[in-house]
1. Normalising by the residue count of the chain, find the relative contact order in percent from Cα pairs under 8 Å and 6+ residues apart.
2. Between [x] 44, 27, 17; [y] 30, 23, 18; [z] 41, 28, 19, which matches Cα extents along the principal axes in Å calculated for the structure shown?
Amino acid sequence: MFSEGQRIPSGFNSFTDYDDIPPEYRDVIPSQYGSDLHRYIYRDDSIYVVDRRTRIVSDIINLLR
């Protein structure tokens, strides 16, 4: 879907609220990616962490490890 370092297009608005990520997966999000500075996209067995200001994908957390 997206790559780390890629800027999310301005028209993309399908972000996932932190509370909509299943609880068992919330624990894998490192604390430095707090929701006040980042947004999330939960899709395709991954969580994409996106910087709120720059819209750049900071990290991709693979949930199938």
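FYI, it's all coordinate maths here, none of it is from the lab. The shown structure was predicted, so the numbers you read here are calculated from the model rather than taken from an experiment.
1. With pairs under 8 Å counted, the relative contact order is 37 percent.
2. Read-out taken from this structure: [y].
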